[in-house]
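The values are calculated or read from the model by the stated rules, or taken from the named source; none is laboratory data. No experiment lies behind these values; they were computed from the predicted model shown. A quick note on method: Cβ atoms are made from the backbone with ideal geometry, for glycine too, and the neighbour counts reach across all protein chains shown. SASA here: full protein model, heavy atoms, side chains in, ligands and nucleic acids out. Shrake-Rupley method; radii C 1.70, N 1.55, O 1.52, S 1.80 Å.
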Amino acid sequence: MMKNKTPLTTALLVLAMLLMPAQALSVNINKKININVIDMEISEVMAMLSAKENVNIMVNTGVSGTISLNLYRVSIDDVVRFAAKAGGFATEYSNGTYFIVKPEDVGSRYKSDITDVRSYTIRYSDPDKVKTLLEEYVSDYGKVTALKDRNMIVVEDTIDHLKRIDDIMTNIDATPMQILIEAKILVITLNDSDAYGINWSSVFSDGENTISSTLTAPTTGLSFNRVTPDIDITLSALLTDDRVRTLSSPNLVTVANKEASVIIGDRQGYKVTTTINQVTTESVEFLESGVILRVTPTVDDEGMIMMSIHPEVSNGVISPDGIPSQTTTEVTTDILTTDGESIFIGGLIKNNIVEGTESVPLLGAIPILGSLFSSETRSSINTETVVLITPYVIGGEAHQDMLVSQREAFDREQKKMLRDSEERKQSAEEEIESMFYSWAEDDDDL
């Protein structure tokens, strides 16, 4: 066991090390040695190793404290590093000299053999958010710097931790998938027989994929299902009765985990007054109402698409006092579907008040007296909004099939237009020829 040394002994050991011939300092740092110290000042341990094993060791200012070591048949290099680590310090090695430093001083004066520096270009993520995430995975020697104006992250850390950072960056800043969302928003006029909405549950060939939220009648409500031939037949029948009109057919493109939205309606502004510390400010906010569709898609490793869907049908009013109010029918749900599969959403009921004037022809237009021959009318019409949503992973198989189908449909339409044009041209030529022969016969009669 080695005893604690006095400051005078330590000074003599350091002096002896400095006076040694230069050739004596050449040492194999992989040489195996034994060391046993208890509660010994770290600087004295380093001085002892330096003197006994002819090793160059520089102890930085601020490195102090006692350590205990019991090591047998360990290389000189490991002994120095273990001793520094036991005291909570770091070891750097450069040009044959060990430097014992505080962790925060690693690499501050010379190139460190502990840490390395790597830079990453951030393409699709927020640099500040990436910095916050990476700070959870760096070591005590690690440091993360975000260069937001250049979309870069600079990381300094040990080689092992930098490998972990490489793997993390590969996953969190991967190229996101793009999703094409084809939506069709239809409005169906309801009659007395389906005042509570169309009973879609009776339309579906099977009910296992249906989610229904009852409103008033027990068989109607918000309905979700995969589009089947039965739904197409029902919509075609309603279209024949002139009860269906297309409100909008938007095509939205978004990246995975980002919201895409379409709003068909009004944005009514109203003033908001805020008073803080006797300072009053006014701002304008907007009340959105109408038909609103918000979709956030997510794609898993197997190509399945999870869609967070929020359809809404609402009416908004701003009172004369500037107070907004809104009546709404809305739902938020998550639906898992395959690439290119259409989803049906029904049951969004909206009541429309139609105001007008009925009058006796001519008499109702007489100034002043016309009011005696006319009356105000007010009627209520219920409509149901139906949404069809089809997601496509851009570049996926379903998307390619859809593009081929569109191209074939376009070619058929072009051929039909060309054929119709040829038929019209031929018909016109035949008509001109017929007129010519008719004139010729008239001349012969004369």
Probe 1.4 Å, heavy atoms of protein chains only: per residue, the accessible area of segment 99-179 in Å² is 61
Once all protein chains are kept in place, K129 shows an accessible area at probe 1.4 Å, nearest 10 Å², of 150
Could you tell me the convex hull volume per residue, in Å³, taken over the Cα atoms of segment 85-164?
-> 104
Taking 0.36 nm per intervening residue step and subtracting the Cα-Cα distance, what contour gain separates R226 from V404 on full extension?
-> 61.8 nm
How far, in nm, would the chain grow between T338 and I233 when pulled straight, counting 0.36 nm per residue and subtracting the alpha carbon separation?
-> 35.5 nm
Please work out how much accessible surface I159 shows to a 1.4 Å probe, ignoring ligands, DNA and RNA, in Å² rounded to 10.
-> 70
How many angstrom lie between the C-alpha centres of segment 380-418 and segment 120-153?
-> 42
Ordering I323, I35 by the accessible surface of their heavy atoms, 1.4 Å probe, largest first, yields I323, I35
Run the quick spin-label model on E282 and S325: label points 7 Å from Cα toward the beta carbon, then report their separation in nm to one decimal.
-> 2.4
Please arrange L403, L388 by accessible surface area, largest first, computed with a 1.4 Å probe and ligands excluded.
-> L403, L388
For the pair D194 and R424, what calculated FRET efficiency results from E = 1/(1 + (r/R0)^6), where r is the Cβ-Cβ distance and R0 = 45 Å, to the nearest 0.05?
-> 0.55
At a probe size of 1.4 Å, how large is the accessible area of R419, to the nearest 10 Å²?
-> 130
Sorted by accessible area (1.4 Å probe), largest first, how do V37, V59 line up?
-> V59, V37
What is the distance, in nm, between label points placed 7 Å from the Cα along the Cα-to-Cβ direction at T175 and at I368?
-> 7.9
